[in-house]
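These notes are about the structure you will find just below.
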Amino acid sequence: MAQYLVLSKIKIWKLWKNLFIYLFIAITLLTSCSPDEVLDPIVGKWQLDSQTVNGIEQTTECERNTTLEFFENGTITSESFYLDGVDCLSDIDTSTWENLSGSTYRVDDDPEGDRTLIFSQNNTVFSFTMTEIINGITYEFIGAFRKL
């Protein structure tokens, strides 16, 4: 009888031990899973769609090849295309970006300062506006990029 009680206690102890292990695993799995982080809508590759000055389209077919790629780690790679006479040339540059709040961004090499971007079409298009006064004339520049 004493041997039976010892065996029963061992079985009960093993049962509790296994139950504790399974419970620990279940709690660990349930609490360690976090929902996917929501990416900033700017993250991804964007292509120049249009640029207007005072409402007049200024974008050439060459310039429409311009791309910006914003990475999660806060870096940007840009490839800017431009006409040099009849040749379409490009320059590649890198810099950093930061979301200051909502749709206000700072790019480290932007001499104009912080930019407020307007996202549209389910975050697949963003645009921004710059205003500059030259010789007393106000120029409004609007740039728009489309997500690739």
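Determine, for each peptide in 78-87, 120-129, the mean count of other beta carbons within 10 angstrom over its residues, then list the peptides with the highest first.
The packing order, highest mean first, is 120-129, 78-87.
Quick one: what are the phi-derived ³J(HN,Hα) couplings along the range 132-145, Karplus 6.51/-1.76/1.60 with θ = phi - 60°, whole Hz, x for glycine and proline?
9, 10, 10, 6, x, 9, 8, 10, 10, 9, 10, x, 9, 10
Obtain the nm distance between the two label points defined at S50 and C62 by a simple spin-label model: each point lies 7 Å from its Cα along the Cα-to-C-beta direction.
Simple spin-label model gives 2.2 nm for this pair.
Roughly what would the spin-label model give for D40 and T138, points 7 Å off Cα along C-beta, in nm?
Result: 3.0 nm between the two label points.
What is the sum of charges around K45, taking Lys and Arg as +1, Asp and Glu as -1, for the other residues whose C-beta is under 9 Å from the C-beta of K45?
0
Name the residue farthest towards the positive end of the dipole of the range 44-147 from the options T131, I142, G102, assuming +1 on Cβ of Lys and Arg, -1 on Cβ of Asp and Glu, about the Cα centre.
Result: G102.
Quick one: net charge of R146's neighbours, Cβ under 12 Å, K/R +1, D/E -1?
With Lys, Arg at +1 and Asp, Glu at -1, the neighbours total +2.
Around T66, what is the net charge, scoring Lys/Arg as +1 and Asp/Glu as -1 over all other residues with Cβ under 12 Å from its Cβ?
-4
Quote to one decimal, in nm, the extra length available between D91 and N123 on full extension: 0.36 nm per residue of separation minus the C-alpha distance between them.
8.9 nm
Readers should treat all values here as calculations from the given coordinates under stated rules, not as data from a laboratory. In this text, all values refer to a predicted model and were calculated from it rather than measured experimentally. Cβ sites come from the backbone with ideal geometry, for glycine too, and all protein chains shown count toward neighbours.
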